[in-house]
1. Tell me whether region 232-249 contains one or more residues that are over 30 Å from the mean Cα position of the chain (by Cα), of a type in the set (A, V, I, L, M, F, W, C) and modelled with pLDDT of 95 or more.
2. Where residues in region 180-194 are farther than 15 Å from Val159 by Cα and touching a residue at least 12 places away in the same chain (Cβ under 8 Å), which of them is surrounded by the fewest Cβ atoms within 10 Å (Cβ to Cβ)?
3. Which one of Lys368, Lys388, Lys399 is touching a Ser or Thr at 6+ places or on another chain (Cβ under 6 Å) and in the same structural domain as Ala341 (by TED's automatic domain parsing)?
4. Here's a check for you: in region 195-220, which residue that is touching a Leu at 6+ places or on another chain (Cβ under 7 Å), of a type outside the set (A, V, I, L, M) and within 24 Å of Ile169 (Cβ to Cβ) is surrounded by the fewest Cβ atoms within 10 Å (Cβ to Cβ)?
5. Please work out which residue is nearest to Val126 (Cα to Cα), limiting yourself to region 305-324 and to residues that are out of contact with any Phe, Trp or Tyr (no Cβ under 8 Å at 6 or more places or on another chain) and either surrounded by 19 or more Cβ atoms within 10 Å (Cβ to Cβ) or hydroxyl-bearing (Ser, Thr, Tyr) (or both).
6. Show me the helices (runs of 4 or more DSSP H) found entirely inside region 148-225 where at least 2 residues are modelled with pLDDT of 95 or more and closer than 17 Å to Val126 by Cα.
7. For region 62-120, give me each residue that is farther than 17 Å from His28 by Cα and acidic (Asp, Glu).
8. Here are the criteria: (1) touching a helix residue (DSSP H, G or I) at 6+ places or on another chain (Cβ under 8 Å); (2) crowded, with 20+ Cβ neighbours inside 10 Å; (3) among the aliphatic types (A, V, I, L, M). Tell me which single one Val250 does not satisfy.
Amino acid sequence: MSKQHLLAVIGAGPAGIYATRKLAEAGHRVVLLNRDIKPGGLAEYGIFVDKEKMKTGLRKQFKRILADPKVFYLGHVTVGQNQTLTLTDLQEIGLSAIVVTAGAQGTKKLGIPGEESVGVYHAKDVVYHFNSLPPFSEQKFETGRRVAIIGMGNVMVDVANWLLNHQKIDQVVVVARRGPIEKAYDDSEFEVIEPYLDNGQMKTEIERIRPQLTAVGQNVDEIIGKFVKQGEPAEGRRLQFRYLCSPAKVIANDKGGVAALEVEENEMVLQDGKTVAKGTGKHSRIEVDCVIYAIGDQVDASLGLPFSRGAFITNPENLPGDPNPAAYQPYDPEAKKVLDAIYVAGWSRNASVGLVGVAKQDAERGMKVVNHYLTTKEGFTSGEMEAKIEAILDKLQKKGAAVVMKDDVEILEGAEQEEARRRKTWDFKFTNDEKMLEVIRTRKAAR
């Protein structure tokens, strides 16, 4: 019985690439399908632009993994309902299994009035923009001079970094449902925007909510000591915080842009030992030109898996094994059955949780489940696998897809590195797919 299998992995971000490595290490062949032309996902397009050491290190790792001859990379291929490829297409070809590691490509909204105004954006789109991911790279963001960012995690820090250090706007106001202690950003990450902190406003803001903080047992003087520093904001650009506030309405101006953000003031209560924000019914207004949601992401429901509340539905059973295999199995609640030979991992399984290291760990644990499943199934001969790969390529050709393969990525990266050296910078990216494809075609023709 042949034990070599052929799988499709959908998504070539950290989870997809590390999953591919584990499958290839087990001796299997992998067709790695990626929406973007270049592999890397959030490691390429989600880490802040100036983190050279981190990005360079990850690129080297990914390049080594993709160099494995058992890995067949197909970039610029979108998988989903009414897309270039569908899950049904892949199932009909008869692969051993399909692994979905497409990240969390959906965006959350708050459902408040006015959020369709020009100047209301999702943080992920902004991050993609300043990291040069098409088509976001060429999208225009109407930020104005004053921006409210909803949420206070590390993504907020990256967006504020771009706004204050690169766009050099006048004011960023971070709007948070709870208080300073409940921040989700890392202090080490915050250092890059700390010079702009409006310490006077921070002290005043903490004093404003002193009664609410005290009511849940927090030491306000210690909080002031931790969060209020010395000095004025650098270069007149201000980073301010509004705590215990939940967005209630985006107020539009007469041109359809943002004039202000209306917030409901909260109080904090303790539930099961945790602080929870509770609305008071009292509203106030923050004058801004732009609102950016940094409130996490959700999976893309159009992929075609059972979906609910921002996530793909997984098997609710507690099955034997470590990890629990059910956690990686998509589940149809109407039919009350697991989707056979399909698995999810990384942010496709648990959206917006952790960074590259967490995605790697989850992918590796998930592939332990997949590899065990494959031991129970008949594999394919080399000829059968080649025929199935050709069947995928044939479907893509019939759809007119401009597919990018491993050699093409190397050509493109070589061109970008040449341009970076010419510009005397460590990194350069072409900002639209058409230009990337043109570069690949031109250089291949010149060989």
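The values are calculated or read from the model by the stated rules, or taken from the named source; none is laboratory data. This structure is a prediction, so every number in the text was calculated from the model and none was measured. Note that we place each Cβ from the backbone using ideal geometry, even for glycine, and neighbour counts take in every protein chain shown.
1. Scanning region 232-249 turns up no residue that is over 30 Å from the mean Cα position of the chain (by Cα), of a type in the set (A, V, I, L, M, F, W, C) and modelled with pLDDT of 95 or more.
2. Residues of region 180-194 farther than 15 Å from Val159 by Cα: 180-183, 187-188.
Narrowing further to those that are touching a residue at least 12 places away in the same chain (Cβ under 8 Å): 180-183.
On the way: Pro180: 21, Ile181: 15, Glu182: 17, Lys183: 19.
Once the filter is applied, the top-ranked residue is Ile181.
3. Details: Lys368 fails: touching a Ser or Thr at 6+ places or on another chain (Cβ under 6 Å); Lys388 fails: touching a Ser or Thr at 6+ places or on another chain (Cβ under 6 Å).
Of Lys368, Lys388, Lys399, the one residue that is touching a Ser or Thr at 6+ places or on another chain (Cβ under 6 Å) and in the same structural domain as Ala341 (by TED's automatic domain parsing) is Lys399.
4. If we filter region 195-220 for residues that are touching a Leu at 6+ places or on another chain (Cβ under 7 Å), which is where we start, we get 196-198, 209, 212, 216, 220.
Next, only the ones that are of a type outside the set (A, V, I, L, M) stay: 196, 198, 212.
Checking the rest, the ones that are also within 24 Å of Ile169 (Cβ to Cβ) come to 196, 198.
Values: Tyr196: 22, Asp198: 19.
By that ranking, first place goes to Asp198.
5. Within region 305-324, the first condition is being out of contact with any Phe, Trp or Tyr (no Cβ under 8 Å at 6 or more places or on another chain), and the residues that meet it are 307-312, 317-324.
Now narrow it down to the ones that are either surrounded by 19 or more Cβ atoms within 10 Å (Cβ to Cβ) or hydroxyl-bearing (Ser, Thr, Tyr) (or both): 308, 311-312.
On the way: Ser308: 26, Ala311: 22, Phe312: 25 Å.
Going through the qualifying residues, I end up with Ala311.
6. Numbers: elements: 154-161, 187-190, 199-208, 210-215.
Once the helices (runs of 4 or more DSSP H) in region 148-225 are filtered for at least 2 residues that are modelled with pLDDT of 95 or more and closer than 17 Å to Val126 by Cα, what remains is 154-161.
7. Selection gives Asp89, Glu92, Glu115, Glu116.
8. Condition not satisfied by Val250: (1).
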